[in-house]
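Engineer: I'd like to ask some things about the structure below.
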Amino acid sequence: MIVNTPASFLAALEHLPPLPDARVTAQAAFLVAPASAELAAESASDNRYMQMQAQFDAVRALAQHAALATALRADCPVISFPGDATMPDAMFPNNVFATAPGRYIVGRMRHPMRQREAERSDIRAFFRDTLGRSETDLSRRNDCVAELTGSLVIDHQRGIGYCGLSERCDPAGAHAMHEAFGLRLTFCFELQDSEYHTNVVMASLAGRAAILAADGFRDPAVPHAIARAYRERVLWLSPEQKRAYAGNAITLSPDRVWMSAGGAASLKSTQRQTLADWGFAIGEARLDEIEKAGGSLRCCVGEIF
């Protein structure tokens, strides 16, 4: 079922118990190393988080990325693919490639430079031949934009997708992803014009809690409806914390939430204690160089379910 109002979402939620034996965090993660010495000017047209005037240090970005991969291995196996200097945004692979049990999904990207990432034969072969996954390829479609788990935040415990509509995902793309991921319920809503991806303004924490930046949603009733899905177990972010990427977080195990060092530093002590009370330690990695490209830790991590 796909719904697009807070009332219809809450009504559907009443008849949607958690999935028995659902795996709430990924079996493994995959990353793509940064390789370009420049930022993607094409993406800056609709990604207001990019720091196009800043000097980008590709060597420092690569070192931060390698340290991230090492840190995440504390929670799950991590596979790192080499980058391509002609694809500056490829270090954010979760928008292009994603998985569901038994299959892998290729997204339909908005910008031509990112569409080229979807053609990477080595990543496709890894999922198809090494892992034996069937393919659901949205990249060949010309009737939608669907930037996978950038636009779609998934609560795997309930089989719910939270899909923010923007330049990076349209209604047709939301429908395509609903089917591709095999979701039980997808809640579609509009993001503010200043936002490009849902995973900057929201994170689902192993299905037990959520991080929300209320100012990122066009309709203020939407984040409050989502909060009710988590029984108000929500870490609410200020606009400044959102800009620090505290919402661009991920759980790769049931007891730790990962975010960038900048995002973690923006949290108040009371917010840190709240996460601890909910059973989450905070894992962090310094990513300030990578964040100049308009994404942070969650954007760097693809999940293998």
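Engineer: Report the GluC sites (Glu not before Pro) located in region 26-122 that are in a DSSP loop and have at most 16 other Cβ atoms inside 10 Å of their Cβ, or state none. Write down the numbers at each step before the final one.
Structural biologist: Working: sites: Glu38, Glu42, Glu117, Glu119; in loops: Glu38, Glu42, Glu119.
Taking region 26-122 and a limit of 16 other Cβ atoms within 10 Å, the loop GluC sites (Glu not before Pro) found are Glu38, Glu42, Glu119.
Engineer: Still on this structure: Out of all DSSP beta bridges in region 54-143, what portion is antiparallel? Express it as a percent rounded to 5. Could you put the intermediate results ahead of the total?
Structural biologist: Values: 4 of 8 bridges.
Roughly 50 percent of the beta bridges in region 54-143 run antiparallel, per DSSP.
Engineer: Pop out the ³J(HN,Hα) list for region 155-169 in order, Karplus 6.51 cos²θ - 1.76 cosθ + 1.60 with θ = phi - 60°, rounded to Hz; leave Gly and Pro as x.
Structural biologist: Working through the residues one at a time gives 9, 6, 5, 10, x, 10, x, 10, 10, x, 8, 7, 4, 8, 7 Hz.
Engineer: I've got another one for you. Give the Rg/Rh ratio for region 2-304, taking Rg as the radius of gyration of the Cα atoms and Rh as the Kirkwood radius, to two decimals. Kindly include the intermediate steps, with their values, before the conclusion.
Structural biologist: Numbers: Rg = 17.5 Å, Rh = 18.9 Å.
That ratio equals 0.93.
Engineer: Order by neighbour count: Ser121, Ser139, fewest other Cβ atoms within 10 Å first, most last. The partial results should precede the final answer.
Structural biologist: Working: Ser121 8, Ser139 18.
By the 10 Å Cβ count, ascending: Ser121, Ser139.
Engineer: Counting Lys and Arg as +1 and Asp and Glu as -1, what is the net charge of the other residues whose Cβ lies under 11 Å from the Cβ of Pro101? Before the final figure, lay out the partial values.
Structural biologist: On the way: positive: Arg23, Arg103, Arg133; negative: none.
Here the count lands on +3.
Engineer: Please compute the modelled spin-label separation between Ser80 and Tyr230, points set 7 Å along Cα→Cβ, answer in nm with one decimal.
Structural biologist: Taking the simple label geometry, Tyr230 and Ser80 are separated by 3.0 nm.
Engineer: Here is a follow-up. Which FRET efficiency, nearest 0.05, do Gln273 and Thr70 yield, Cβ-Cβ r, R0 22 Å?
Structural biologist: On the way: r = 28 Å, r/R0 = 1.26.
That gives a FRET efficiency of 0.20.
Engineer: Just in region 230-305: which GluC sites (Glu not before Pro) are loop by DSSP and have at most 15 other Cβ atoms within 10 Å?
Structural biologist: Working: sites: Glu232, Glu240, Glu284, Glu289, Glu291, Glu303; in loops: Glu232.
Filter output for region 230-305: Glu232.
Engineer: Here is a further query. Near the amide H of Phe97, under 5 Å away, which other amide H atoms are found, from residues 5 or more places off or on another chain, if H is placed in the peptide plane?
Structural biologist: Gly107
Engineer: Evaluate E = 1/(1 + (r/R0)^6) for Ser45 and Ser194, where r is the Cβ-Cβ distance and R0 equals 22 Å; express this FRET efficiency to the nearest 0.05. Can you show the working numbers first?
Structural biologist: Details: r = 13 Å, r/R0 = 0.60.
That gives a FRET efficiency of 0.95.
Engineer: How far, in nm, would the chain grow between Ala7 and Ser134 when pulled straight, counting 0.36 nm per residue and subtracting the alpha carbon separation? Can you show the working numbers first?
Structural biologist: On the way: separation 127, 0.36 × 127 = 45.72 nm, distance 3.59 nm.
The span from Ala7 to Ser134 would gain 42.1 nm if fully extended.
Engineer: Search the structure for amide H atoms under 5 Å from the amide H of Arg103, placed 1.01 Å from N in the peptide plane, and list their residues when 5 or more places away or on another chain.
Structural biologist: Those qualifying (amide H under 5 Å, at least 5 residues apart or on another chain) are Ser134.
Engineer: Search the structure for amide H atoms under 5 Å from the amide H of Trp258, placed 1.01 Å from N in the peptide plane, and list their residues when 5 or more places away or on another chain.
Structural biologist: Ile250, Thr251, Leu252, Gly283
Engineer: Take each complete run of DSSP H in the chain, measure how far its Cα atoms stretch along the helix's own axis, and keep only those covering 15 Å or more with mean Kyte-Doolittle hydropathy at least 0.5; list them. Show your work: numbers first, answer last.
Structural biologist: Numbers: long enough: 58-72 (21 Å, 1.09).
Helices meeting the span and hydropathy rule in the chain are 58-72.
Engineer: Shifting gears a bit: Using alpha carbons only, how many angstrom separate the centre of region 57-91 from the centre of region 152-224?
Structural biologist: Result: 25 Å between the Cα centres.
Engineer: Okay, moving on. Under the Kirkwood approximation applied to all pairs of distinct alpha-carbon atoms, what is the hydrodynamic radius of region 125-201 in Å?
Structural biologist: Values: mean 1/r = 0.0769 Å⁻¹.
When all Cα pairs of region 125-201 are included, the Kirkwood radius is 13.0 Å.
Engineer: I'd like the Karplus ³J(HN,Hα) series for region 35-44: coefficients 6.51, -1.76, 1.60, θ = phi - 60°, whole numbers in Hz, and an x wherever there's a Gly or Pro.
Structural biologist: 9, 8, 8, 10, 8, 7, 4, 4, 5, 5
Engineer: For Ser121 and Leu19, what is the calculated FRET efficiency with R₀ set at 30 Å and r taken between the beta-carbons, to the nearest 0.05? List each step's numbers first, then the result.
Structural biologist: Working: r = 34 Å, r/R0 = 1.13.
For R0 = 30 Å, the calculated efficiency reads 0.30.
Engineer: Let me ask you something else. What fraction of the DSSP beta bridges in the chain is antiparallel, stated in percent and rounded to the nearest 5?
Structural biologist: Numbers: 21 of 45 bridges.
In the chain, DSSP labels about 45 percent of beta bridges as antiparallel.
Engineer: If we count every other residue with Cβ under 15 angstrom of Ala209's Cβ, Lys/Arg +1 and Asp/Glu -1, where does the sum land?
Structural biologist: Details: positive: Arg158, Arg208, Arg228, Arg231, Arg233, Arg256, Arg272; negative: Asp155, Glu232, Asp255, Asp277.
Net charge around Ala209: +3.
Where a number appears in this text, it was derived from the coordinates with a stated rule and is not lab data. Being a predicted model, the structure only gives us computed values, none of them experimental. Positions of Cβ are backbone-derived with ideal geometry, glycine not excepted, and every protein chain shown enters the neighbour counts.
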